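The values are calculated or read from the model by the stated rules, or taken from the named source; none is laboratory data. Just so it is clear, the structure is predicted and the values come from calculations on it, not from any experiment. Here the Cβ is made from the backbone with ideal geometry for all residues, glycine too, and neighbour counts use every protein chain on show. Accessible surface is based on the protein model in full, side chains and every heavy atom, while ligands, DNA and RNA are left aside. Shrake-Rupley method; radii C 1.70, N 1.55, O 1.52, S 1.80 Å.
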Amino acid sequence: MSIPRTLNNFLDEHAVTYQLVPHPHSNSASRTAEAAHIPGDAVAKAVLLVEEDGQYRLAVVPATRRVKLGQLHRLLGEHVGLATEDEVASVFADCERGAIPALGAAYGLETLLDDSMLEQRNVYFEAGDHESLVRLRETDFLHLLGQPRRGQFSAHI
């Protein structure tokens, strides 16, 4: 179980304590939460967004929720859409396809954080593969995000 070099370097540079949590292979954030026996609200699901000018942003919501693009439009004042699988694979080239770590800053992306993620003591997110999660204290997770734009832009699945 290893994490992508980009993510590993970012975590090391910021000297935060984290743990890798193994789980059976899964292909969605909600199934990952089930497989790892972690509440879905504590698993940060990362969704790559693309702006009209081709720039990317990362939206982070709990695994139990989905991104509401209309609410993001109101928050940002501009239209964004979901990136394609090929775009995701290109931006997160050192990760397994679809296993996006929820730390946009590690990949040079602005991160948008749904307010519902702020209710957890610990935050878990994909470690760049479909068989491990990174566990951070919420305070460390927020520190690593820097100054994310925050708002309410998700709804329960």
Original post:
Within the stretch 131-149, how many residues are open to solvent by 60 Å² or more (accessible area, probe 1.4 Å) and over 22 Å from Ser30 (Cα atoms)?
Top reply: 4
Original post:
So which residues in the stretch 114-147 are over 22 Å from Ala15 (Cβ atoms), touching a strand residue (DSSP E or B) at 6+ places or on another chain (Cβ under 7 Å) and of a type outside the set (D, E, K, R)?
Top reply: Ser116, Met117
Subject >> Residues that are without any contact (Cβ under 8 Å) to a residue 60 or more places away in the chain, more than 16 Å from the chain's Cα centre (by Cα) and open to solvent by less than 50 Å² (accessible area, probe 1.4 Å), drawn from the stretch 8-37 >> reply: Ala35
Original post:
Which residues, taken from the stretch 96-118, are more than 13 Å from Ser28 (Cα to Cα) and among the acidic types (Asp, Glu)?
Top reply: Glu110, Asp114, Asp115
**OP:** Keeping to the stretch 115-130, report how many residues are acidic (Asp, Glu) and buried (at least 24 other Cβ atoms within 10 Å of the Cβ).
**Re:** 1
Original post:
Which members of the stretch 40-95 meet the condition of being without any contact (Cβ under 8 Å) to a residue 40 or more places away in the chain, open to solvent by less than 30 Å² (accessible area, probe 1.4 Å) and farther than 18 Å from Gly108 by Cα?
Top reply: Gly40, Ala63, Gly81
**OP:** With the condition kept exactly as written, say whether any residue in the stretch 1-13 is in contact with an Asp or Glu (Cβ under 7 Å, 6 or more places away or on another chain), modelled with pLDDT of 95 or more and polar (S, T, N, Q).
**Re:** yes
Subject >> Selection from the stretch 119-130 of residues that are under 25 Å from Pro24 (Cα atoms), charged (D, E, K, R) and not in a loop (DSSP other than H, G, I, E, B) >> reply: Glu126
